[in-house]
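Written out below as structure tokens is the structure these notes cover.
The values are calculated or read from the model by the stated rules, or taken from the named source; none is laboratory data. All of these numbers come straight from a predicted model, not from anything done at the bench. With ideal geometry, Cβ positions are generated from the backbone for all residues, glycine too; neighbour counts draw on all protein chains shown. Surface accessibility is based on the protein's heavy atoms, side chains included, excluding ligands, DNA and RNA. Shrake-Rupley method; radii C 1.70, N 1.55, O 1.52, S 1.80 Å.
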Amino acid sequence: MIESYCLHVIILILIYSILAISFNIQLGYGKLFNLSHVAMFGIGAYTSALLTVDMGVPYIIGLICSGLAAVIFILLIGIPALRLRGDYFAIATLGFAEIIRLVSHNERWLTHGQFGISNIVRPEIFGISFSSYESFTIFALIFVLFTYLFMERLIKSPFGRVLKGIRENETAAINLGKNTFKFKLQTMMICSFFAGLAGSLYAHYIQYISPKDFGITPLISVLVMVVLGGMGNNKGSILGAAILILVPELLRFSGMSSDIYGPVRQLIIGLILIVLIIIRPQGLLGEKRFIHKSEAEHNA
């Protein structure tokens with residue numbers, strides 16, 4: 001019993017680590033405050049669930065389609081939203097995310113409405129079932145390792161260096177001939193693909209999804225994960241996901257009722273964010289930056 005519960009918590013940490021890492025690439029390295037990221041997580045979850053439950057499609061196809069569906073939606077959102085700057089971009093992406101949530105809540109013929117989708121089966125690929133806690137933990141761990149290694153390689157590639165250059169000084173990047181719009185859109189597409197995959201994992205692990213799983217509250221949680229671990233550090237995103245999943249889980253042993261648990265959980269998340277911003281604004285790990293010798297001497 002205890003072993004199953006521990007594995008359940010580990011699986012949640014792994015799934016949210018994928019979501020946090022992909023959000024960190026946009027926010028920490030690209031300075032893209034894309035508030036529709038959790039909506040892409042939801043699109044992936046709904047796509048995979050609808051294909052497997054309503055249409056009987058094999059899980060592997062549902063998994064691939066979950067990532068591709070998120071990419072298509074972020075293209076529709078990103079092309080107009082990226083023409084805006086700063087706060088306007090964030091508000092626009094938040095608006096698109098809210099539209100997607102409302103559609104999933106009201107279009108019952110398509111998404112089953114507010115009642116959500118139940119009886120979602122656990123993954124089975126080429127005859128290998130991942131229905132047990134142990135096997136799903138390994139399955140999710142493989143995805144986290146792939147996501148982490150892919151994103152690390154992406155950031156250290158010429159593409160990643162241009163992305164960080166855009167973050168530091170977009171005007172300079174444009175003057176150097178870089179198509180910043182294209183780089184930012186490609187970044188959002190890559191990150192949304194991984195968010196869609198994470199959504200598929202979540203739907204087939206929990207076996208039930210509804211619109212409330214992909215609203216403002218999960219978005220704030222993922223944002224705090226990235227800020228807590230340190231923007232611009234993928235290991236920090238995993239650490240932030242672990243802390244933000246583990247700390248509220250400890251409340252379950254306090255004996256408080258489910259009516260109180262939800263608000264207290266949100267209160268703790270808010271307090272963590274406030275304390276962190278005051279004490280350590282760069283996050284627990286922060287981003288490693290190379291400082292020029294002359295700058296280091298000046299700072300000293």
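Dipole check for the chain: with +1 at the C-beta of Lys and Arg, -1 at the C-beta of Asp and Glu, and the Cα centre as origin, the magnitude is about 860 Debye. For segment 112-150, chymotrypsin sites (Phe, Trp or Tyr not before Pro) meeting the loop criterion (DSSP other than H, G, I, E, B) and having at most 15 other Cβ atoms within 10 Å: Phe126.
How large, in percent, is the carbon and sulfur part of the accessible surface of the chain at a probe radius of 1.4 Å? The computed percentage sits at 68.
Sparse packing (at most 16 other Cβ atoms within 10 Å of the Cβ) combined with a DSSP loop state is found for the following trypsin sites (Lys or Arg not before Pro) in segment 168-222: Lys178.
In terms of packing, defined here as the mean over residues of other Cβ atoms within 10 angstrom, the peptides 3-11, 223-231 line up highest first as 223-231, 3-11.
Determine the alpha carbon to alpha carbon distance for each of Lys31/Lys235; Lys31/Lys178; Lys31/Lys156; Lys31/Lys212 and list only those over 22 Å. Among Lys31/Lys235; Lys31/Lys178; Lys31/Lys156; Lys31/Lys212, the Cα-Cα distance tops 22 Å for Lys31/Lys212. Ligands, DNA and RNA are left out, and with a 1.4 angstrom probe the accessible area of the chain is 51 Å² per residue. Once the Cα atoms are used to define both axes, helix 158-168 deviates from the longest principal axis of the chain by about 70 degrees.
Calculated on the Cα set of the chain, radius of gyration then Dmax: 19.5, 64 Å. The share of Cα pairs per 10 Å bin across segment 1-122, counted from zero up to the longest distance, runs 12, 36, 34, 16, 2, 0 percent. Distance from the alpha carbon centroid of segment 185-208 to that of segment 94-139 works out to 10 angstrom.
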